[in-house]
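Trainee: Below you'll find the structure I mean.
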Amino acid sequence: MATFPRREADIVALARDIATGLAEHPEMFPAPPHSPEEIRAALDDVAAAHDAAVLATAQSKQATAAKDDAIATLVDLMKTDLRYGESITRQDGGKLELLGWGAPRQRTATGLPGQVRTLELLREGKDWLFLDWKEPVDGGQPAAYKVQRRKPGATDWTDVGMAVESEITLNGQEPGVEFEYRVIAANRAGEGPASNTVRAVL
């Protein structure tokens, strides 16, 4: 016994076969509940809705990419002004509050760094990506940040970059391969706990 298809493409193919069969064999199917013309009109509606869905998906992706670019630009502007504010006020917390900011948290110069916070993938291209994160709030002062990656499910991490600021652009990444990335703060005392991970397929 035949089974009604579940996949959209198979449903459309069967609809075409039904319309063709009804149209070509009226002597065998003289009074179908729905005529070949009705089925073909419904097929046209499906095709139009499919095209509209494809267009909407493409527009949504473009809009999301534009939004991400706008956010990244805004973040760059904000960070530049906040660094300027920290410099011009000599990190005066009271004055920095006027910008909705505050003085950097005082930390010991020695001891293992704390955990890197809020790692994010802000921008990406064909073979590059831009990562941003927040410095630890506890532990020793980081001297540098180690960026690592691995394929999902793998056990070993590979070092792919070092940064002294809380951001990095990684060039020469393999396109079409999914990787997950993490960041670790380090200083003379050693390395702190790894950050959260983010995934990317370029």
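Trainee: Here is a check on your reading of the model: is LYS95 in a helix (DSSP H, G or I), within 27 Å of the chain's Cα centre (by Cα), of a type in the set (D, E, K, R) and not assigned by TED's automatic domain parsing to the domain that holds ARG188?
Mentor: Values: in a helix (DSSP H, G or I): yes; within 27 Å of the chain's Cα centre (by Cα): no; of a type in the set (D, E, K, R): yes; not assigned by TED's automatic domain parsing to the domain that holds ARG188: yes.
For LYS95, the condition - in a helix (DSSP H, G or I), within 27 Å of the chain's Cα centre (by Cα), of a type in the set (D, E, K, R) and not assigned by TED's automatic domain parsing to the domain that holds ARG188 - is not met.
Trainee: Among the residues of region 159-174, write down those that are loosely packed, with under 11 Cβ neighbours inside 10 Å and not in a loop (DSSP other than H, G, I, E, B).
Mentor: ASP159
Trainee: Now, a different point. Tell me which of these ASP138 doesn't satisfy, since it passes every other one: (1) surrounded by 17 or more Cβ atoms within 10 Å (Cβ to Cβ); (2) out of contact with any strand residue (DSSP E or B) (no Cβ under 7 Å at 6 or more places or on another chain); (3) acidic (Asp, Glu).
Mentor: The number of the failed condition is (1).
Condition check ((1) more than 33 Å from the chain's Cα centre (by Cα); (2) loosely packed, with under 10 Cβ neighbours inside 10 Å; (3) assigned to a helix (DSSP H, G or I); (4) hydrophobic (A, V, I, L, M, F, W, C)) across all residues:
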site: PRO32; (1), (2), (3), (4): yes, no, no, no
site: LEU43; (1), (2), (3), (4): yes, no, yes, yes
site: ALA49; (1), (2), (3), (4): no, no, yes, yes
site: ALA56; (1), (2), (3), (4): no, no, yes, yes
site: GLN59; (1), (2), (3), (4): no, no, yes, no
site: ALA66; (1), (2), (3), (4): no, no, yes, yes
site: ILE71; (1), (2), (3), (4): no, no, yes, yes
site: GLN91; (1), (2), (3), (4): yes, no, no, no
site: GLY111; (1), (2), (3), (4): yes, no, no, no
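Trainee: Pairs only if they're at least six apart or on different chains, beta carbon under 7 angstrom, first in region 1-15 and in the same structural domain as ARG40 (by TED's automatic domain parsing) and in contact (Cβ under 8 Å) with a residue 24 or more places away in the chain, second assigned to a helix (DSSP H, G or I) and surrounded by 10 or more Cβ atoms within 10 Å (Cβ to Cβ); list them, first residue then second.
Mentor: VAL12/LEU43; VAL12/VAL46; ALA15/ILE39; ALA15/LEU43
Trainee: Test each condition in (1) in the same structural domain as VAL12 (by TED's automatic domain parsing); (2) over 30 Å from ILE11 (Cβ atoms) for ALA49 and report the one that comes out false.
Mentor: With respect to (1) in the same structural domain as VAL12 (by TED's automatic domain parsing); (2) over 30 Å from ILE11 (Cβ atoms), ALA49 is out only on (2).
Trainee: For region 127-179, name all the residues that are among the hydrophobic types (A, V, I, L, M, F, W, C) and over 21 Å from the mean Cα position of the chain (by Cα). It would help to see each step written out before you state the result.
Mentor: We begin by selecting, within region 127-179, every residue among the hydrophobic types (A, V, I, L, M, F, W, C); these are 128-131, 133, 137, 143-144, 147, 154, 157, 160, 162-164, 168, 170, 177, 179.
If the condition is that a residue be among the hydrophobic types (A, V, I, L, M, F, W, C) and over 21 Å from the mean Cα position of the chain (by Cα), then VAL137, ALA143, ALA144, MET162, ALA163, VAL164 are the ones that fit.
The values are calculated or read from the model by the stated rules, or taken from the named source; none is laboratory data. Treat the numbers as computed from the prediction; the structure is a model and nothing was measured. Please note: Cβ atoms are built from the backbone with ideal geometry, for glycine as well, and neighbour counts cover all protein chains shown.
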